[in-house]
1. Testing V192 on (1) buried (at least 17 other Cβ atoms within 10 Å of the Cβ); (2) farther than 27 Å from K52 by Cβ; (3) touching a strand residue (DSSP E or B) at 6+ places or on another chain (Cβ under 6 Å), one condition comes back false. Which one is that?
2. Report, by residue number, each residue of the range 184-225 that is at pLDDT 95 or above and of a type in the set (S, T, Y).
3. For the range 91-98, does any single residue satisfy the condition of being at positive phi and in contact with a Gly (Cβ under 7 Å, 6 or more places away or on another chain)?
4. Taking the range 174-210 only, how many residues are touching a residue at least 12 places away in the same chain (Cβ under 8 Å), assigned to a loop (DSSP other than H, G, I, E, B), more than 23 Å from V123 (Cα to Cα) and of a type outside the set (D, E)?
5. Are there any pairs, at least 6 apart or on different chains, whose C-beta atoms fall under 7 Å, with the first in the range 104-117 and without any contact (Cβ under 8 Å) to a residue 40 or more places away in the chain and over 10 Å from A81 (Cβ atoms) and the second in a strand (DSSP E or B) and open to solvent by 10 Å² or more (accessible area, probe 1.4 Å), and if so, which?
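The values are calculated or read from the model by the stated rules, or taken from the named source; none is laboratory data. In this text the structure is predicted, and so the values were computed from the model without any measurement. All Cβ positions, even for glycine, are placed from backbone atoms using ideal geometry, and neighbour counts span all protein chains on display. All accessible areas refer to the heavy atoms of the entire protein, side chains included, with ligands and DNA or RNA removed. Shrake-Rupley method; radii C 1.70, N 1.55, O 1.52, S 1.80 Å.
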Amino acid sequence: MKPLHLVQITALAFGLAGALPALSANLPVTWDLTTTSTTKTQTSSGAGNSWKFTNGTSWIKASSYYAAQSSGAPTGNLAKAQTDVYSGGLAVCSNGETCTTAPQHALDNNTRQDYLLLEFDSVYAMNSFKIGWNAFQDYGTNTNRTSYDSDVQMWTGASNLAAGLDLTTACSGTCTASTLASLGFTSTNTKVFNDTTNGTSNAITGLSNSRYLLVSGALASGNNDYFKMSSFTATKVPEPTSIALFALGLLTLTAVGARKRTKH
């Protein structure tokens, strides 16, 4: 059997190098979103701050917004809120709330509609999430706990949204600015999880792949949802170039194998 030519070796190496990112992109990634995370970093403080969580080369950046409410429904332009990290997970503190007092230190939809925006380093398929605190389990007493709930609503944005999305130019209803729906966060691209409980994994199905995930209390659940998000799992979607290189790697391996068989 003759040795492989240099051009064949180069093509083989090139194809294999392209195959590795595509294969690794199919592995789910989980981020710890609590104070126990050793990879979290904060950008600034107060309203408009953000937290970044990394796992290897993959990362999530969390920022927060809120909207006013009219008859229990969000209305008007979104404004920046403060993103906080607790042992129970990520939370939102909007203007006028006491950030250190339960249950207002959670992500809630009482009086104002809180939104948590998760930005990923690339386009991901959303797999599952957990909450680590909710007012029904952790704050309510035997006499008033039924006044709290933990319904979670999620949307993914359009797949072509660029990095660094700022929702302060958006609104939750009819307005002259961009609406959330125009950014892909539509009523047909949303999922509601009723009565979530601490530490339970909630599988996410039916949402499109995106670089962005928007989280809030359910819009039609009585405005009494209070919770903190403790972890999130998603799978990176391979970029077209990685898929092409993966295919090239397989074709190269097939061609080399066929050549070796014909030489015996």
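1. Among (1) buried (at least 17 other Cβ atoms within 10 Å of the Cβ); (2) farther than 27 Å from K52 by Cβ; (3) touching a strand residue (DSSP E or B) at 6+ places or on another chain (Cβ under 6 Å), the lone unmet condition for V192 is (1).
2. Within the range 184-225, T190, T196, T197, T200, S201, T205, S208, S210, Y212, S216 meet the criteria.
3. First, pick out the residues of the range 91-98 that are at positive phi: 96.
So of that shortlist, the ones also in contact with a Gly (Cβ under 7 Å, 6 or more places away or on another chain) come out as none.
For the range 91-98, residues at positive phi and in contact with a Gly (Cβ under 7 Å, 6 or more places away or on another chain): absent.
4. Adding up the residues that qualify gives 7.
5. Taking only residues 6 or more apart or on different chains, the pairs are H105/D84.
A quick yes/no check of all residues on (1) more than 20 Å from T196 (Cβ to Cβ); (2) at pLDDT below 95:
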residue: G76; (1), (2): yes, yes
residue: G88; (1), (2): no, no
residue: G96; (1), (2): yes, yes
residue: Q104; (1), (2): no, yes
